[in-house]
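Report on the structure given below.
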Amino acid sequence: MNRLKVSFNKGCKLFFKKHPQTKKVAQEKIGFAIKKEVQTGMTKVKLATRRKINNLSCYEMRLNLGKMGSVRIAFTVHDEQVVVWYLSTSLQKSEFSKELEKSLA
């Protein structure tokens with residue numbers, strides 16, 4: 001399970017554009033948090049959208065990134081590959097879901 005590879009899709013671009021100096025740290029923290037969630041049975045995770053992405057369920061979770069503040073991330077997990085589809089500082093679930101749907105469209 002520790003061999004999980006985390007990649008970031010174009011839906012994360014806007015967030016990283018706003019925080020270029022912390023991109024690497026943010027990616028490391030997000031990767032670590034997702035790996036931990038997968039290992040512990042994804043208890044803090046909810047379904048992000050009913051829509052399937054590449055036939056996979058898309059999950060979302062909140063995460064505190066220290067100085068960058070809290071973010072909500074949407075991701076899929078398949079075998080040992082995690083794809084983060086969207087990353088946002090919109091913490092309200094309804095707002096986040098709207099943004100996610102728009103970015104997936």
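The values are calculated or read from the model by the stated rules, or taken from the named source; none is laboratory data. Quick caveat, the model's predicted, so the values are computed rather than measured. Here Cβ is always computed from backbone atoms with ideal geometry, including for glycine, and neighbour counts include all displayed protein chains. We work out accessible area using only protein heavy atoms, side chains counted, and drop any ligands, DNA or RNA first. Shrake-Rupley method; radii C 1.70, N 1.55, O 1.52, S 1.80 Å.
Could you check how much of the accessible area of the chain is carbon and sulfur, as a whole percent, using a 1.4 Å probe?
Roughly 52 percent of what the probe reaches on the chain is carbon or sulfur.
How big is the dipole moment of the chain about its Cα centre under a simple scheme where the beta carbon of each Lys and Arg is +1, that of each Asp and Glu is -1, and everything else is neutral? Debye, nearest 20, please.
Around 240 debye, computed over the chain.
Tell me which lysines have Cα within less than 21 Å of Lys10's Cα, excluding those fewer than 8 residues away on the same chain?
Those lysines meeting the cut-off are Lys18, Lys23, Lys24, Lys29, Lys35, Lys52, Lys93, Lys98, Lys102.
State the extension gain, in nm to one decimal, for the chain segment bounded by Lys23 and Lys52, taking 0.36 nm per residue of separation less the distance between their alpha-carbons.
7.7 nm
Using 0.36 nm times the number of residues separating Asn64 and Thr89, minus their current alpha carbon distance, what extension gain do you get?
Gain on extension, Asn64 to Thr89, equals 8.0 nm.
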